[in-house]
């Protein structure tokens, strides 16, 4: 089971990974990704980033991402934590972590979940810069990263009830 949380408070990566590992002694690999607020985006200083979401819809979307990963790879657990609200440079935004018997499946599932989260999860980002506030558009590189997962999306869509 992959646990999903959307929250304003920070998270403890070590505690989250320890809890994930403690769930099953057959786990041989844990792969994680932590996203942070950068102080520079497209050459412009970022003073803060505000993440908005649609409660209920966001959690459902994240759970769908987790479920698709679980359908494709043999996972023994996982976690997606995504923060919302006003964040400062260096603050943690997101933790995606997965556990499996072997590293290959854990790496692939973690990468898939992060790529899918960046393109399909209903979050809206607004940056505060010296020139004022601006909404952050999706990056072409994020969309391109999703193309490698078409086979996963197609395989999982046929399995959904």
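The values are calculated or read from the model by the stated rules, or taken from the named source; none is laboratory data. Keep in mind that this is a model prediction, so the values were computed, not measured. In this analysis, Cβ positions are derived from the backbone assuming ideal geometry, glycine residues included, and neighbour counts consider all displayed protein chains.
Hey, does the range 154-161 have a residue that's modelled with pLDDT of 95 or more, under 27 Å from residue 26 (Cα atoms), touching a helix residue (DSSP H, G or I) at 6+ places or on another chain (Cβ under 6 Å) and outside any loop (DSSP other than H, G, I, E, B)?
Looking for residues that are modelled with pLDDT of 95 or more, under 27 Å from residue 26 (Cα atoms), touching a helix residue (DSSP H, G or I) at 6+ places or on another chain (Cβ under 6 Å) and outside any loop (DSSP other than H, G, I, E, B), one finds none in the range 154-161, hence no.
Check off (1) at pLDDT below 95; (2) touching a helix residue (DSSP H, G or I) at 6+ places or on another chain (Cβ under 9 Å); (3) buried (at least 18 other Cβ atoms within 10 Å of the Cβ) for residue 127 and give me the number that stays unchecked.
Against the list (1) at pLDDT below 95; (2) touching a helix residue (DSSP H, G or I) at 6+ places or on another chain (Cβ under 9 Å); (3) buried (at least 18 other Cβ atoms within 10 Å of the Cβ), residue 127 comes up short only on (2).
Scan the range 27-63 for residues that are within 26 Å of residue 106 (Cα to Cα), over 18 Å from the mean Cα position of the chain (by Cα) and without any contact (Cβ under 8 Å) to a residue 24 or more places away in the chain and jot them down.
Matches in the range 27-63: none.
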